[in-house]
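The values are calculated or read from the model by the stated rules, or taken from the named source; none is laboratory data. Keep in mind that this is a model prediction, so the values were computed, not measured. Positions of Cβ are generated from backbone atoms using ideal geometry, with glycine treated the same way; all protein chains shown enter the neighbour counts.
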Amino acid sequence: MHELGLMLRAIEMAEAEARAANAARIDAIHLEVGALSGVVREALEFAFQAARAGTMAERAHLEVVVVPATAYCGSCDATFEMDNRFGIASCPRCGTPSADLRQGRELNLSHLEVSG
Amino acid sequence: MNTPGDTRDVRLRGYVSAEPGDARTVQVQKSLMAHNDQVARANREAFRGVLTLNVTSSPGSGKTALLEATARATEGALRLGVIVGDLETDNDAVRLQRAGAPSVQIATGTVCHLEAEMVARAAEALDLGAIDVLVIENVGNLVCPAAWDLGEDLRVVLLAVTEGEDKPLKYPRLFKGADVVIVNKVDIADAVGWDRAQALANVEQVAPQAQVIELSARTGDGLEAWTGFLAGRLRAKRA
């Protein structure tokens with residue numbers, strides 16, 4: 001979706017955190033991306049190659065963990081993983097459609113590996 | 001003190017060096033959308049006296065026509081104010097001003113969605129104390145607007161019968177966040193062979209939480225259910 005803008009922002013945030021930790025280099029950036037966030041891992045990686053030039057992260061590698069979309073079924077009082085292809089959250093146990101999305105829209109800078 | 005030959009000991013003790021030069025992990029756990037979310041929170045506070053809507057749809061579904069019809073139908077009962085986003089032109093703001101609603105145009109240039117900061121700046125040009133319902137007409141786009149909290153109370157997704165039945169399945173993120181789904185152009189549903197049962201079933205599957213209102217902005221058919229809904233939500237917010 002806006003992977004380049006997101007990666008520029010991620011690197012900006014990462015540099016601020018790295019500086020606060022008195023580091024000289026960022027070796028890895030770890031992101032958590034929800035399955036329903038609209039963001040594509042490959043596009044993030046491509047954008048990262050362009051965005052990291054000239055920054056503290058220019059030799060860093062990018063790790064993207066995709067968080068599966070999970071919803072909550074009130075009838076069963078349990079969560080379940082959703083069918084990401086259609087954004088349909090029908091409880092696999094009782095079939096009731098659910099609107100209670102618990103996970104899947106994340107766009108987080110999880111942690112960094114730094115050195116120096 | 002770490003000396004050569006001690007490496008096995010170091011591993012067993014789980015030693016993590018804090019000396020400069022050593023590799024270490026920095027926990028962050030922050031959303032990349034943190035700045036927008038912060039501005040959205042400030043907007044929400046600024047809009048606490050008005051019912052605020054974020055209206056999205058694909059281009060041409062009838063957002064502006066619906067808002068014109070709403071402004072005319074609620075004249076004297078509800079005071080509408082509009083912030084409208086497009087890449088270029090102020091056509092929509094002009095139309096809405098003519099329909100009686102104070103309107104501010106955001107011309108985004110190239111940006112395909114509205115963000116909280118743009119809305120905050122546009123809102124400065126409106127007298128929030130003189131309106132009841134603030135409508136933010138987003139850029140026509142079923143993809144990007146979904147990710148951006150603007151500080152609204154309600155997310156309204158507009159769908160026209162001319163778009164077929166499967167838009168909710170194709171754009172789940174936007175529909176999953178909808179409080180209201182408005183089906184527009186019902187007056188020409190037969191002419192385009194719209195399958196009402198299939199369309200509503202798809203909305204129900206992806207967006208079971210959404211209130212569905214079927215109407216025609218052009219003929220006014222069904223408009224009362226929409227304006228009544230707005231009046232009710234406004235009363236609830238100001239109660």
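Points worth noting:
- For the range A:1-28, filtered to residues that are touching a residue at least 60 places away in the same chain (Cβ under 8 Å), at the interface with chain B (Cβ under 7 Å from one of its Cβ atoms) and under 18 Å from A:Ala50 (Cα atoms), the residue that is surrounded by the most Cβ atoms within 10 Å (Cβ to Cβ) is A:Ala10.
- Apart from one condition, B:Tyr171 fits all of (1) farther than 20 Å from B:Thr70 by Cα; (2) hydroxyl-bearing (Ser, Thr, Tyr); (3) surrounded by fewer than 21 Cβ atoms within 10 Å (Cβ to Cβ); the exception is (3).
- Among (1) modelled with pLDDT under 70; (2) in a helix (DSSP H, G or I), the one test that B:Thr3 misses: (2)
Every residue, every condition in (1) over 21 Å from B:Ala42 (Cβ atoms); (2) in a strand (DSSP E or B), yes or no:
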position: B:Ile136; (1), (2): no, yes
position: B:Gly140; (1), (2): yes, no
position: B:Gly151; (1), (2): no, no
position: B:Pro168; (1), (2): yes, no
position: B:Leu200; (1), (2): yes, no
position: B:Gln209; (1), (2): yes, no
position: B:Gly220; (1), (2): yes, no
position: B:Trp226; (1), (2): yes, no
position: B:Leu234; (1), (2): yes, no
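- Qualifying residue in the range B:156-167 (condition: under 29 Å from A:Pro97 (Cα atoms), surrounded by fewer than 17 Cβ atoms within 10 Å (Cβ to Cβ), within 14 Å of another protein chain (Cβ to nearest Cβ) and not polar (S, T, N, Q)): yes
- Test for A:Gly116: is it more than 9 Å from chain B (Cβ to nearest Cβ), over 18 Å from the mean Cα position of the chain (by Cα) and of a type outside the set (Asp, Glu): no
- Beta carbons closer than 8 Å, at least 6 apart along the sequence or on distinct chains, pair a first residue in the range B:174-201 that is more than 30 Å from A:Ser37 (Cβ to Cβ) with a second that is β-branched (Val, Ile, Thr) and surrounded by 24 or more Cβ atoms within 10 Å (Cβ to Cβ) for B:Lys185/B:Val161; B:Val186/B:Val161; B:Ile188/B:Val161; B:Ala189/B:Val161; B:Val192/B:Val161; B:Trp194/B:Val161.
- If you go through the range A:68-95 and pick out every residue that is touching a Cys at 6+ places or on another chain (Cβ under 6 Å) and either within 7 Å of another protein chain (Cβ to nearest Cβ) or not in a strand (DSSP E or B) (or both), you end up with 5.
- Odd one out for B:Asp190, checked against (1) acidic (Asp, Glu); (2) touching a strand residue (DSSP E or B) at 6+ places or on another chain (Cβ under 6 Å); (3) more than 26 Å from A:Gly87 (Cβ to Cβ): (2)
- Leading residue by the ranking (farthest from B:Glu68 (Cα to Cα)) among those in the range B:119-144 that are within 14 Å of another protein chain (Cβ to nearest Cβ) and not β-branched (Val, Ile, Thr): B:Cys144
For every residue, the table says whether it meets (1) more than 25 Å from B:Phe175 (Cα to Cα); (2) without any contact (Cβ under 8 Å) to a residue 60 or more places away in the chain.
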{"position": "B:Asp37", "(1), (2)": "no, no"}
{"position": "B:Asn43", "(1), (2)": "no, no"}
{"position": "B:Gly49", "(1), (2)": "yes, no"}
{"position": "B:Lys63", "(1), (2)": "no, no"}
{"position": "B:Thr74", "(1), (2)": "yes, no"}
{"position": "B:Asn91", "(1), (2)": "yes, yes"}
{"position": "B:Arg98", "(1), (2)": "yes, yes"}
{"position": "B:Ser103", "(1), (2)": "yes, yes"}
{"position": "B:Ala120", "(1), (2)": "no, no"}
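- Top-ranked residue of the range A:40-92 - restricted to ones that are basic (Lys, Arg) and farther than 22 Å from B:Lys176 by Cα, ranked as surrounded by the fewest Cβ atoms within 10 Å (Cβ to Cβ): A:Arg59
- Among the candidates B:Lys237, B:Lys176, the residue that is within 14 Å of another protein chain (Cβ to nearest Cβ), farther than 18 Å from B:Thr162 by Cβ and not hydroxyl-bearing (Ser, Thr, Tyr) is uniquely B:Lys176.
- Just one of the numbered conditions (1) surrounded by 13 or more Cβ atoms within 10 Å (Cβ to Cβ); (2) away from chain A (no Cβ under 14 Å); (3) modelled with pLDDT of 90 or more is not true of B:Val10: (3).
- Candidates B:Thr162, B:Thr89 - the one that is among the β-branched types (Val, Ile, Thr) and assigned to a helix (DSSP H, G or I): B:Thr162
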